[in-house]
1. At what distance in angstrom do the alpha carbon centres of the range 6-29 and the range 104-177 lie from each other?
2. So, counting K/R as plus one and D/E as minus one, what does the shell of residues with Cβ under 12 Å around T163 add up to?
3. Give me the percent relative contact order of the chain, please, defined on Cα pairs under 8 angstrom at least 6 residues apart.
4. At 15 Å minimum axial length over the Cα atoms and a Kyte-Doolittle cut of -0.5, report the qualifying DSSP H helices in the chain, or say none.
5. So which chymotrypsin sites (Phe, Trp or Tyr not before Pro) in the range 1-100 are both in a DSSP loop and have at most 15 other Cβ atoms within 10 Å of their Cβ?
6. State the dimensionless ratio Rg/Rh of the chain (Rg: radius of gyration of Cα atoms; Rh: Kirkwood radius).
7. Can you spot the aspartates and glutamates whose alpha carbon is less than 15 Å from K174's alpha carbon? Ignore those fewer than 8 places along the same chain.
8. Name the GluC sites (Glu not before Pro) in the range 1-107 that are in a loop by DSSP and that have at most 16 other C-beta atoms within 10 Å, would you?
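Since every read-out is calculated from the coordinates, none of them should be taken as a lab result. If you're wondering where the values come from, they're calculated on a predicted model, not measured in any experiment. Here Cβ is always computed from backbone atoms with ideal geometry, including for glycine, and neighbour counts include all displayed protein chains.
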Amino acid sequence: MESTRYQERLTPDNAALLLIDHQVGLFTGVRDIAVAELTHNVIGLANAARVLGVPTIVTATSPEMWGPTIPELTQALPGISIINRTTVNAFDEPRFAKAVAATGRKKLIIAGVSTEVCLALPAIYATGIGHDAYAVIDASGTFSETKRITGLLRMVQAGVVLTDYSTVAVEMLKDNASPKAGDLYGALDMPFAGLVGQLAGAFAKGR
């Protein structure tokens, strides 16, 4: 490896979240992950970023063609300004590129629909201009298994880090003793984590 960037930790101070094209029309074509699961994971990721204070940028491509951003996401991020664009690669829209630069963050956590275009192309580009791109695979989706596999391979070849929605969040949390831990796990909405928390609380009361 050319550097130690793969070993550097994600933190709330060095990361930004980019949510690209989670739109109603595109969701109707997703076949590699259940749409309900995809929605759950995207919202969990957005809520976790909010809890941790991680800047979040949302964009939509040609909403007159692919529909609006899914309502669950706009409800999770009230007041957020969605950057509408026509470009295939989000970074080709100057307002998007400017918004990313304005965060001042080196590490970009990216999710998008579709995986091989809306996620992969910006992630590969971001890597090429010096960012560390983290592709959140389970908060992204696409229209066939072939598209999924080719998108993943292309990102790996380009040096993009593949990850999932809860791992990036708990890495940034760092310590389960953090006062934000309860809200973070609640945001991630992982059933097993909720059960563990309930058990821990029950045991603590019994001491």
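1. Each part reduced to its Cα centre gives a spacing of 7 Å.
2. Details: positive: K107; negative: D132, D138, D164, E171.
Around T163, the surrounding residues sum to -3.
3. Here the relative contact order equals 27 percent.
4. Helix filter hits for the chain: 35-52, 145-158, 191-206.
5. Working: sites: Y6, F27, W66, F91, F96; in loops: Y6.
Passing sites in the range 1-100 are Y6.
6. Reported Rg/Rh (Cα atoms, Kirkwood Rh): 0.98.
7. Within the straight-line cut-off, K174 pairs with E8, D13, D183.
8. Hits after loop and neighbour filter: E2, E8.
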